[in-house]
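Scroll down for the structure; my scribbles are underneath it.
The values are calculated or read from the model by the stated rules, or taken from the named source; none is laboratory data. Note that the structure is a prediction, hence the values are computed from the model and not measured. We place every Cβ from the backbone using ideal geometry, glycine too, and count neighbours over all the protein chains shown. With ligands, DNA and RNA removed, areas are computed over all heavy atoms of the protein, side chains included. Shrake-Rupley method; radii C 1.70, N 1.55, O 1.52, S 1.80 Å.
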Amino acid sequence: MTQALELTSTSNAFKPTFTKLVSKEGSAEYPLKAIHICEETFAPLEVAYDYDAIKAQVSRESIAKGPNSIWRYKAFLPVESENPIDVGTGMTPFVKSNRLARRLGLKNLYIKNDAVNMPTLSFKDRVVSVALTRARELGFTTVSCASTGNLANSTAAIAAHAGLDCCVFIPSDLEAGKVLGTLIYNPTVMAVKGNYDQVNRLCCEVGNTYGWGFVNINLRPYYSEGSKTLGFEVAEQLGWKLPDHIVAPLASGSLFTKIHKGFQEFVKVGLVDDKPVRFSGAQAEGCSPIAQAFREGRDFVIPVKPNTIAKSIAIGNPADGMYALDLARKTNGNIESVNDAQIIEGIKLLAETEGIFTETAGGTTIAVLKKLVEAGKIDPEETTVVYITGNGLKTQEAVQGYISEPFLIEPKLDSFERALERSRTLERLEWQQTLV
(Lines give C-alpha, C1' and ligand atoms only; values in the text may rest on other atoms or scores of the structure.)
Protein backbone atom coordinates (compact mmCIF):
# COMPACT_ATOMS: atom_id res chain seq x y z
CA MET A 1 0.00 0.00 0.00
CA THR A 2 1.42 3.37 -1.01
CA GLN A 3 -0.58 5.66 1.20
CA ALA A 4 -1.73 5.10 4.78
CA LEU A 5 -5.23 6.17 5.77
CA GLU A 6 -5.70 7.22 9.39
CA LEU A 7 -8.83 5.67 10.81
CA THR A 8 -8.38 6.32 14.51
CA SER A 9 -7.04 8.96 16.80
CA THR A 10 -4.10 6.65 17.58
CA SER A 11 -2.94 6.81 13.92
CA ASN A 12 -3.50 3.14 13.09
CA ALA A 13 -3.30 2.67 9.33
CA PHE A 14 -6.09 0.87 7.50
CA LYS A 15 -5.51 -2.84 7.06
CA PRO A 16 -8.01 -5.24 5.49
CA THR A 17 -9.93 -7.08 8.20
CA PHE A 18 -11.81 -9.71 6.19
CA THR A 19 -10.21 -13.12 6.52
CA LYS A 20 -12.16 -15.82 4.66
CA LEU A 21 -15.50 -16.94 3.28
CA VAL A 22 -17.56 -19.24 5.48
CA SER A 23 -20.65 -21.33 4.84
CA LYS A 24 -23.86 -20.17 6.49
CA GLU A 25 -24.55 -23.85 7.16
CA GLY A 26 -21.81 -25.97 8.72
CA SER A 27 -18.18 -25.09 9.25
CA ALA A 28 -16.71 -25.10 5.74
CA GLU A 29 -14.26 -22.29 4.94
CA TYR A 30 -13.16 -20.91 1.58
CA PRO A 31 -10.54 -18.48 0.24
CA LEU A 32 -11.46 -14.90 -0.62
CA LYS A 33 -12.26 -15.55 -4.27
CA ALA A 34 -15.30 -15.05 -6.52
CA ILE A 35 -17.36 -17.95 -5.16
CA HIS A 36 -20.73 -17.86 -3.44
CA ILE A 37 -21.99 -21.38 -2.70
CA CYS A 38 -20.68 -23.96 -0.23
CA GLU A 39 -19.66 -27.12 -2.08
CA GLU A 40 -20.68 -29.30 0.87
CA THR A 41 -24.08 -27.91 1.85
CA PHE A 42 -24.96 -25.66 -1.13
CA ALA A 43 -25.62 -22.90 1.42
CA PRO A 44 -24.63 -19.28 0.71
CA LEU A 45 -21.17 -18.12 1.66
CA GLU A 46 -20.53 -14.97 3.64
CA VAL A 47 -17.52 -12.93 4.64
CA ALA A 48 -15.82 -13.46 8.01
CA TYR A 49 -13.80 -10.75 9.77
CA ASP A 50 -11.19 -10.32 12.46
CA TYR A 51 -13.15 -8.18 14.90
CA ASP A 52 -10.16 -7.58 17.13
CA ALA A 53 -8.43 -6.01 14.12
CA ILE A 54 -11.48 -3.85 13.42
CA LYS A 55 -11.65 -2.76 17.04
CA ALA A 56 -7.99 -1.72 16.90
CA GLN A 57 -8.65 0.51 13.90
CA VAL A 58 -11.96 2.25 14.57
CA SER A 59 -13.67 4.48 17.08
CA ARG A 60 -16.73 6.68 16.98
CA GLU A 61 -14.44 9.64 16.41
CA SER A 62 -12.51 8.05 13.54
CA ILE A 63 -15.72 7.06 11.78
CA ALA A 64 -17.16 10.56 12.19
CA LYS A 65 -13.97 11.98 10.60
CA GLY A 66 -14.20 9.63 7.63
CA PRO A 67 -15.66 10.34 4.20
CA ASN A 68 -19.33 11.29 3.98
CA SER A 69 -20.11 7.97 2.32
CA ILE A 70 -20.26 4.26 3.08
CA TRP A 71 -16.46 4.21 3.10
CA ARG A 72 -16.35 5.77 6.57
CA TYR A 73 -17.03 2.12 7.55
CA LYS A 74 -14.31 0.67 5.33
CA ALA A 75 -12.81 -1.45 8.14
CA PHE A 76 -16.10 -3.38 8.26
CA LEU A 77 -16.21 -4.02 4.49
CA PRO A 78 -14.52 -6.70 2.35
CA VAL A 79 -12.05 -4.58 0.41
CA GLU A 80 -8.27 -4.29 0.34
CA SER A 81 -7.89 -1.10 -1.67
CA GLU A 82 -6.78 2.20 -0.20
CA ASN A 83 -8.94 3.79 -2.90
CA PRO A 84 -12.30 2.03 -3.15
CA ILE A 85 -14.84 3.14 -5.72
CA ASP A 86 -16.43 6.12 -4.00
CA VAL A 87 -19.24 7.91 -5.84
CA GLY A 88 -20.72 9.52 -2.72
CA THR A 89 -22.89 6.55 -1.86
CA GLY A 90 -24.47 6.46 1.58
CA MET A 91 -24.99 8.81 4.55
CA THR A 92 -28.51 9.38 3.27
CA PRO A 93 -31.09 11.42 5.19
CA PHE A 94 -32.39 10.05 8.48
CA VAL A 95 -35.71 11.80 8.91
CA LYS A 96 -37.59 12.15 12.18
CA SER A 97 -41.17 11.66 11.05
CA ASN A 98 -43.80 14.07 12.31
CA ARG A 99 -46.87 14.02 10.07
CA LEU A 100 -46.70 10.32 9.11
CA ALA A 101 -46.03 9.41 12.73
CA ARG A 102 -49.08 11.38 13.86
CA ARG A 103 -51.21 9.81 11.12
CA LEU A 104 -50.22 6.35 12.32
CA GLY A 105 -50.21 7.11 16.03
CA LEU A 106 -46.48 6.59 16.56
CA LYS A 107 -44.26 8.79 18.73
CA ASN A 108 -40.75 7.81 17.62
CA LEU A 109 -40.79 7.00 13.91
CA TYR A 110 -37.74 7.58 11.70
CA ILE A 111 -37.36 7.22 7.94
CA LYS A 112 -34.06 6.06 6.46
CA ASN A 113 -34.35 7.62 3.02
CA ASP A 114 -32.28 5.82 0.37
CA ALA A 115 -34.62 7.20 -2.29
CA VAL A 116 -31.97 9.92 -2.64
CA ASN A 117 -28.91 7.70 -2.46
CA MET A 118 -26.16 8.42 -4.97
CA PRO A 119 -25.65 7.96 -7.82
CA THR A 120 -28.83 6.15 -8.94
CA LEU A 121 -31.38 6.79 -6.17
CA SER A 122 -31.61 3.40 -4.50
CA PHE A 123 -29.87 1.40 -1.79
CA LYS A 124 -28.33 -0.79 -4.50
CA ASP A 125 -25.60 1.83 -4.93
CA ARG A 126 -24.23 0.63 -1.57
CA VAL A 127 -23.88 -3.02 -2.50
CA VAL A 128 -22.58 -2.30 -5.99
CA SER A 129 -19.89 0.08 -4.74
CA VAL A 130 -18.54 -2.72 -2.55
CA ALA A 131 -18.97 -5.43 -5.20
CA LEU A 132 -17.22 -3.52 -7.97
CA THR A 133 -14.37 -2.47 -5.71
CA ARG A 134 -13.86 -6.15 -4.89
CA ALA A 135 -14.32 -7.15 -8.56
CA ARG A 136 -11.53 -4.80 -9.55
CA GLU A 137 -9.30 -6.23 -6.79
CA LEU A 138 -9.97 -9.75 -8.10
CA GLY A 139 -9.02 -8.77 -11.64
CA PHE A 140 -12.42 -8.66 -13.35
CA THR A 141 -12.71 -6.30 -16.30
CA THR A 142 -16.35 -7.09 -17.18
CA VAL A 143 -19.11 -6.88 -14.57
CA SER A 144 -22.73 -7.88 -14.75
CA CYS A 145 -25.89 -8.58 -12.78
CA ALA A 146 -29.36 -10.07 -12.85
CA SER A 147 -31.69 -7.25 -11.90
CA THR A 148 -35.26 -6.14 -11.32
CA GLY A 149 -34.15 -2.63 -12.25
CA ASN A 150 -32.39 -0.76 -9.45
CA LEU A 151 -29.38 -3.07 -9.45
CA ALA A 152 -28.97 -2.66 -13.21
CA ASN A 153 -29.01 1.14 -12.75
CA SER A 154 -26.33 0.96 -10.06
CA THR A 155 -24.11 -1.57 -11.79
CA ALA A 156 -24.15 0.35 -15.07
CA ALA A 157 -23.48 3.72 -13.43
CA ILE A 158 -20.71 2.65 -11.09
CA ALA A 159 -19.06 0.48 -13.75
CA ALA A 160 -19.00 3.54 -16.02
CA HIS A 161 -17.34 5.57 -13.27
CA ALA A 162 -14.78 2.81 -12.65
CA GLY A 163 -14.05 2.18 -16.34
CA LEU A 164 -15.28 -1.42 -16.28
CA ASP A 165 -17.10 -3.11 -19.15
CA CYS A 166 -20.71 -3.84 -18.22
CA CYS A 167 -23.48 -6.14 -19.43
CA VAL A 168 -26.70 -6.35 -17.40
CA PHE A 169 -29.72 -8.64 -17.59
CA ILE A 170 -33.28 -7.50 -16.80
CA PRO A 171 -36.81 -8.85 -17.29
CA SER A 172 -38.24 -7.40 -20.50
CA ASP A 173 -41.31 -5.90 -18.75
CA LEU A 174 -39.50 -3.48 -16.41
CA GLU A 175 -40.71 0.06 -15.81
CA ALA A 176 -39.53 2.52 -18.47
CA GLY A 177 -37.73 4.72 -15.94
CA LYS A 178 -35.56 1.86 -14.79
CA VAL A 179 -34.71 0.77 -18.34
CA LEU A 180 -33.79 4.33 -19.32
CA GLY A 181 -31.91 4.73 -16.04
CA THR A 182 -29.66 1.86 -17.11
CA LEU A 183 -29.26 2.58 -20.82
CA ILE A 184 -28.03 6.13 -20.21
CA TYR A 185 -24.71 4.76 -18.91
CA ASN A 186 -24.21 2.84 -22.18
CA PRO A 187 -23.81 -0.73 -20.92
CA THR A 188 -24.96 -3.75 -22.91
CA VAL A 189 -28.52 -4.48 -21.73
CA MET A 190 -30.17 -7.87 -22.23
CA ALA A 191 -33.95 -7.73 -21.77
CA VAL A 192 -35.03 -11.31 -21.08
CA LYS A 193 -38.51 -12.61 -21.84
CA GLY A 194 -39.14 -13.96 -18.38
CA ASN A 195 -39.34 -13.08 -14.69
CA TYR A 196 -36.40 -12.31 -12.39
CA ASP A 197 -35.86 -15.91 -11.35
CA GLN A 198 -35.53 -16.95 -15.00
CA VAL A 199 -33.13 -14.05 -15.59
CA ASN A 200 -31.05 -15.16 -12.61
CA ARG A 201 -30.80 -18.74 -13.86
CA LEU A 202 -29.59 -17.50 -17.25
CA CYS A 203 -27.00 -15.30 -15.57
CA CYS A 204 -25.62 -18.28 -13.65
CA GLU A 205 -25.01 -20.00 -16.99
CA VAL A 206 -23.46 -16.87 -18.52
CA GLY A 207 -21.21 -16.38 -15.51
CA ASN A 208 -19.94 -19.96 -15.68
CA THR A 209 -19.35 -19.67 -19.43
CA TYR A 210 -17.77 -16.22 -19.71
CA GLY A 211 -16.07 -15.72 -16.35
CA TRP A 212 -17.56 -12.30 -15.73
CA GLY A 213 -17.98 -10.75 -12.31
CA PHE A 214 -21.70 -10.99 -11.50
CA VAL A 215 -22.29 -8.77 -8.50
CA ASN A 216 -25.21 -10.80 -7.16
CA ILE A 217 -23.93 -14.26 -8.12
CA ASN A 218 -20.21 -15.09 -7.89
CA LEU A 219 -19.45 -11.78 -6.11
CA ARG A 220 -22.52 -12.02 -3.86
CA PRO A 221 -20.67 -12.58 -0.55
CA TYR A 222 -18.89 -9.22 -0.99
CA TYR A 223 -21.83 -7.43 -2.61
CA SER A 224 -24.27 -8.27 0.18
CA GLU A 225 -21.95 -6.80 2.81
CA GLY A 226 -22.71 -3.33 1.44
CA SER A 227 -26.19 -3.55 2.97
CA LYS A 228 -24.64 -3.53 6.44
CA THR A 229 -24.00 0.17 5.97
CA LEU A 230 -27.74 0.77 6.33
CA GLY A 231 -27.41 -0.62 9.84
CA PHE A 232 -24.21 1.30 10.58
CA GLU A 233 -25.67 4.63 9.47
CA VAL A 234 -28.88 4.25 11.46
CA ALA A 235 -26.93 3.44 14.62
CA GLU A 236 -24.64 6.44 14.08
CA GLN A 237 -27.49 8.79 13.13
CA LEU A 238 -29.45 7.76 16.23
CA GLY A 239 -26.56 8.99 18.35
CA TRP A 240 -24.62 5.72 18.53
CA LYS A 241 -27.47 3.53 19.70
CA LEU A 242 -29.74 0.89 18.20
CA PRO A 243 -33.46 1.33 17.45
CA ASP A 244 -36.18 -0.79 19.00
CA HIS A 245 -37.80 -1.93 15.77
CA ILE A 246 -37.03 -1.80 12.05
CA VAL A 247 -39.37 -2.34 9.10
CA ALA A 248 -37.72 -3.10 5.75
CA PRO A 249 -38.68 -4.56 2.36
CA LEU A 250 -37.99 -8.19 1.59
CA ALA A 251 -36.88 -9.39 -1.85
CA SER A 252 -34.09 -11.97 -1.57
CA GLY A 253 -33.95 -11.38 2.20
CA SER A 254 -30.31 -10.27 2.09
CA LEU A 255 -30.87 -6.59 2.97
CA PHE A 256 -32.93 -7.59 6.00
CA THR A 257 -30.31 -9.95 7.41
CA LYS A 258 -27.36 -7.66 6.67
CA ILE A 259 -28.87 -4.73 8.56
CA HIS A 260 -28.94 -7.10 11.55
CA LYS A 261 -25.33 -8.12 10.91
CA GLY A 262 -24.35 -4.44 10.82
CA PHE A 263 -25.97 -3.81 14.20
CA GLN A 264 -24.28 -6.85 15.71
CA GLU A 265 -20.84 -5.86 14.37
CA PHE A 266 -21.13 -2.44 15.99
CA VAL A 267 -21.96 -4.22 19.25
CA LYS A 268 -19.00 -6.61 18.89
CA VAL A 269 -16.45 -3.81 18.58
CA GLY A 270 -18.01 -1.67 21.31
CA LEU A 271 -19.39 1.18 19.20
CA VAL A 272 -22.95 0.73 20.53
CA ASP A 273 -24.55 -1.02 23.48
CA ASP A 274 -26.40 -4.24 22.79
CA LYS A 275 -30.19 -4.30 23.02
CA PRO A 276 -33.06 -6.27 21.46
CA VAL A 277 -34.09 -4.97 18.04
CA ARG A 278 -37.25 -6.30 16.43
CA PHE A 279 -37.06 -7.00 12.69
CA SER A 280 -40.23 -6.83 10.57
CA GLY A 281 -40.33 -7.40 6.82
CA ALA A 282 -42.60 -6.23 4.01
CA GLN A 283 -43.65 -8.08 0.86
CA ALA A 284 -46.20 -7.60 -1.91
CA GLU A 285 -49.01 -10.17 -1.91
CA GLY A 286 -48.30 -10.89 -5.56
CA CYS A 287 -44.80 -12.10 -4.62
CA SER A 288 -44.77 -13.00 -0.93
CA PRO A 289 -43.07 -16.39 -0.45
CA ILE A 290 -41.38 -15.30 2.80
CA ALA A 291 -44.54 -13.75 4.25
CA GLN A 292 -46.52 -16.89 3.37
CA ALA A 293 -43.98 -19.09 5.14
CA PHE A 294 -44.06 -16.80 8.19
CA ARG A 295 -47.85 -16.82 8.31
CA GLU A 296 -48.02 -20.61 7.96
CA GLY A 297 -45.30 -21.30 10.54
CA ARG A 298 -42.97 -22.98 8.04
CA ASP A 299 -39.17 -22.87 8.29
CA PHE A 300 -38.80 -23.16 4.52
CA VAL A 301 -39.86 -20.99 1.59
CA ILE A 302 -41.90 -22.29 -1.36
CA PRO A 303 -41.07 -20.41 -4.59
CA VAL A 304 -43.87 -18.46 -6.28
CA LYS A 305 -44.40 -16.82 -9.66
CA PRO A 306 -44.38 -13.00 -9.23
CA ASN A 307 -47.47 -10.97 -10.12
CA THR A 308 -47.29 -7.50 -8.59
CA ILE A 309 -46.57 -3.87 -9.41
CA ALA A 310 -43.71 -4.02 -6.87
CA LYS A 311 -41.28 -5.38 -9.42
CA SER A 312 -38.12 -4.32 -7.57
CA ILE A 313 -38.89 -6.82 -4.77
CA ALA A 314 -40.54 -9.46 -6.99
CA ILE A 315 -38.17 -12.36 -6.37
CA GLY A 316 -40.16 -15.58 -6.30
CA ASN A 317 -37.32 -17.78 -5.06
CA PRO A 318 -35.49 -15.69 -2.43
CA ALA A 319 -31.93 -16.86 -1.75
CA ASP A 320 -31.93 -15.68 1.88
CA GLY A 321 -35.61 -16.24 2.57
CA MET A 322 -35.21 -18.78 5.36
CA TYR A 323 -32.63 -16.58 7.10
CA ALA A 324 -35.05 -13.65 6.99
CA LEU A 325 -37.75 -15.90 8.44
CA ASP A 326 -35.49 -16.97 11.27
CA LEU A 327 -34.46 -13.39 12.02
CA ALA A 328 -38.03 -12.10 12.22
CA ARG A 329 -39.03 -14.91 14.54
CA LYS A 330 -36.06 -14.80 16.89
CA THR A 331 -36.38 -11.02 17.32
CA ASN A 332 -40.16 -11.12 17.90
CA GLY A 333 -40.76 -9.30 14.63
CA ASN A 334 -43.27 -9.93 11.86
CA ILE A 335 -43.40 -10.44 8.11
CA GLU A 336 -46.50 -9.12 6.39
CA SER A 337 -47.74 -8.62 2.85
CA VAL A 338 -50.02 -6.05 1.22
CA ASN A 339 -51.86 -5.92 -2.10
CA ASP A 340 -51.14 -3.61 -5.02
CA ALA A 341 -53.87 -1.12 -4.05
CA GLN A 342 -52.36 -0.83 -0.56
CA ILE A 343 -48.90 -0.36 -2.10
CA ILE A 344 -50.17 2.61 -4.14
CA GLU A 345 -51.77 4.07 -1.02
CA GLY A 346 -48.47 3.59 0.80
CA ILE A 347 -46.62 5.58 -1.86
CA LYS A 348 -49.19 8.37 -1.65
CA LEU A 349 -49.23 8.36 2.16
CA LEU A 350 -45.47 8.84 2.46
CA ALA A 351 -45.47 11.54 -0.21
CA GLU A 352 -48.31 13.63 1.22
CA THR A 353 -47.13 13.41 4.83
CA GLU A 354 -43.33 13.58 4.55
CA GLY A 355 -42.61 14.85 1.04
CA ILE A 356 -40.78 11.65 0.06
CA PHE A 357 -41.66 10.06 -3.29
CA THR A 358 -40.79 6.37 -3.12
CA GLU A 359 -41.08 3.56 -5.61
CA THR A 360 -43.28 0.50 -5.17
CA ALA A 361 -40.89 -1.23 -2.75
CA GLY A 362 -41.17 1.77 -0.44
CA GLY A 363 -44.93 1.84 -0.88
CA THR A 364 -44.98 -1.80 0.20
CA THR A 365 -42.92 -1.01 3.28
CA ILE A 366 -45.09 1.95 4.34
CA ALA A 367 -48.27 -0.07 3.77
CA VAL A 368 -46.92 -2.90 5.91
CA LEU A 369 -45.86 -0.40 8.59
CA LYS A 370 -49.44 0.89 8.65
CA LYS A 371 -50.82 -2.66 8.77
CA LEU A 372 -48.57 -3.60 11.68
CA VAL A 373 -49.58 -0.48 13.62
CA GLU A 374 -53.28 -1.17 13.06
CA ALA A 375 -52.79 -4.76 14.25
CA GLY A 376 -51.11 -3.57 17.45
CA LYS A 377 -47.76 -5.11 16.44
CA ILE A 378 -45.77 -1.88 16.85
CA ASP A 379 -45.60 -0.17 20.23
CA PRO A 380 -46.25 3.57 19.74
CA GLU A 381 -43.40 4.29 22.18
CA GLU A 382 -40.83 2.19 20.28
CA THR A 383 -38.08 3.87 18.31
CA THR A 384 -39.07 2.48 14.91
CA VAL A 385 -37.05 2.90 11.72
CA VAL A 386 -38.65 2.30 8.34
CA TYR A 387 -36.30 1.79 5.37
CA ILE A 388 -37.16 3.46 2.05
CA THR A 389 -34.93 1.89 -0.57
CA GLY A 390 -35.75 3.51 -3.92
CA ASN A 391 -37.08 6.59 -5.70
CA GLY A 392 -40.60 6.99 -7.06
CA LEU A 393 -39.43 8.69 -10.24
CA LYS A 394 -38.38 5.23 -11.41
CA THR A 395 -41.87 3.71 -11.13
CA GLN A 396 -44.23 6.51 -12.13
CA GLU A 397 -46.49 4.06 -13.97
CA ALA A 398 -47.59 2.61 -10.64
CA VAL A 399 -49.41 5.77 -9.55
CA GLN A 400 -50.62 7.07 -12.89
CA GLY A 401 -54.41 7.21 -12.76
CA TYR A 402 -54.44 7.21 -8.95
CA ILE A 403 -53.44 10.83 -8.35
CA SER A 404 -55.12 14.10 -9.30
CA GLU A 405 -54.63 15.98 -12.56
CA PRO A 406 -53.50 19.63 -12.83
CA PHE A 407 -56.18 22.29 -13.34
CA LEU A 408 -55.93 23.71 -16.85
CA ILE A 409 -56.65 27.45 -16.71
CA GLU A 410 -56.48 30.57 -18.83
CA PRO A 411 -53.86 33.22 -17.94
CA LYS A 412 -56.59 35.24 -16.19
CA LEU A 413 -57.42 35.83 -12.53
CA ASP A 414 -61.07 34.77 -12.81
CA SER A 415 -60.05 31.48 -14.46
CA PHE A 416 -57.64 30.82 -11.59
CA GLU A 417 -60.32 31.64 -8.98
CA ARG A 418 -62.86 29.26 -10.53
CA ALA A 419 -60.26 26.49 -10.55
CA LEU A 420 -59.29 27.26 -6.95
CA GLU A 421 -62.90 26.90 -5.85
CA ARG A 422 -63.17 23.59 -7.69
CA SER A 423 -60.01 22.38 -5.95
CA ARG A 424 -61.40 23.31 -2.54
CA THR A 425 -64.68 21.54 -3.30
CA LEU A 426 -62.79 18.38 -4.30
CA GLU A 427 -60.71 18.60 -1.13
CA ARG A 428 -63.86 18.81 1.01
CA LEU A 429 -65.33 15.77 -0.80
CA GLU A 430 -62.12 13.80 -0.19
CA TRP A 431 -62.21 14.58 3.53
CA GLN A 432 -65.86 13.50 3.70
CA GLN A 433 -65.00 10.22 2.02
CA THR A 434 -62.10 9.70 4.44
CA LEU A 435 -64.36 10.32 7.44
CA VAL A 436 -66.97 7.89 6.10
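Table for the structure above
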{"quantity": "Single residue of the range 377-435 satisfying the filter (over 30 Å from Asp114 (Cα atoms) and of a type in the set (S, T, N, Q)) that is most open to solvent (accessible area, probe 1.4 Å)", "calculated": "Gln433"}
{"quantity": "Count of residues meeting criterion [at pLDDT below 95 and out of contact with any Cys (no Cβ under 9 Å at 6 or more places or on another chain)] in the range 1-38", "calculated": "16"}
{"quantity": "Candidate set: the range 22-51, residues that are acidic (Asp, Glu) and part of a loop (DSSP other than H, G, I, E, B); chosen: the one nearest to Cys204 (Cα to Cα)", "calculated": "Glu39"}
{"quantity": "From Ala319, Ala310, Ala351, Ala341, residue being of a type in the set (A, V, I, L, M, F, W, C) and open to solvent by less than 10 Å² (accessible area, probe 1.4 Å)", "calculated": "Ala310"}
{"quantity": "Extreme residue, least open to solvent (accessible area, probe 1.4 Å), among residues of the range 66-86 that are touching a helix residue (DSSP H, G or I) at 6+ places or on another chain (Cβ under 9 Å) and of a type in the set (Asp, Glu)", "calculated": "Asp86"}
{"quantity": "Within the range 99-136, considering residues that are free of Cβ contacts under 8 Å to residues at least 60 places away in the same chain and outside any helix (DSSP H, G or I), the one surrounded by the most Cβ atoms within 10 Å (Cβ to Cβ)", "calculated": "Asn117"}
{"quantity": "Residue count, the range 326-350 (criterion: over 20 Å from Lys178 (Cβ atoms), in contact with a helix residue (DSSP H, G or I) (Cβ under 6 Å, 6 or more places away or on another chain) and without any contact (Cβ under 8 Å) to a residue 40 or more places away in the chain)", "calculated": "1"}
{"quantity": "Any chance Thr383 is touching a His at 6+ places or on another chain (Cβ under 9 Å), at pLDDT 95 or above and not aromatic (Phe, Trp, Tyr)", "calculated": "yes"}
{"quantity": "Failed item in (1) modelled with pLDDT of 95 or more; (2) part of a helix (DSSP H, G or I); (3) in contact with a Phe, Trp or Tyr (Cβ under 7 Å, 6 or more places away or on another chain), with Ile409 passing the rest", "calculated": "(2)"}
{"quantity": "Selection from the range 29-42 of residues that are over 24 Å from Phe140 (Cβ atoms) and open to solvent by less than 70 Å² (accessible area, probe 1.4 Å)", "calculated": "Thr41"}
{"quantity": "Strands (runs of 3 or more DSSP E) enclosed by the range 159-252 - at least 3 residues per element that are open to solvent by 20 Å² or more (accessible area, probe 1.4 Å) and more than 30 Å from Ser59 (Cα to Cα)", "calculated": "188-192"}
{"quantity": "Residues of the range 253-292 satisfying the condition of being without any contact (Cβ under 8 Å) to a residue 60 or more places away in the chain, open to solvent by 10 Å² or more (accessible area, probe 1.4 Å) and either among the β-branched types (Val, Ile, Thr) or within 15 Å of Ala310 (Cβ to Cβ) (or both)", "calculated": "Val267, Val277, Glu285, Gly286"}
{"quantity": "The range 44-73: number of residues that are basic (Lys, Arg) and within 17 Å of Ser129 (Cα to Cα)", "calculated": "1"}
{"quantity": "Positions within the range 137-147 being closer than 15 Å to Phe169 by Cβ and open to solvent by 10 Å² or more (accessible area, probe 1.4 Å), in sequence order", "calculated": "Thr142"}
{"quantity": "Test: residue in the range 87-97 that is in a loop (DSSP other than H, G, I, E, B), touching a His at 6+ places or on another chain (Cβ under 7 Å) and open to solvent by 10 Å² or more (accessible area, probe 1.4 Å)", "calculated": "yes"}
{"quantity": "Candidates Ile63, Ile54, filtered to the one that is assigned to a helix (DSSP H, G or I), over 18 Å from Tyr222 (Cα atoms), out of contact with any strand residue (DSSP E or B) (no Cβ under 6 Å at 6 or more places or on another chain) and open to solvent by less than 20 Å² (accessible area, probe 1.4 Å)", "calculated": "Ile63"}
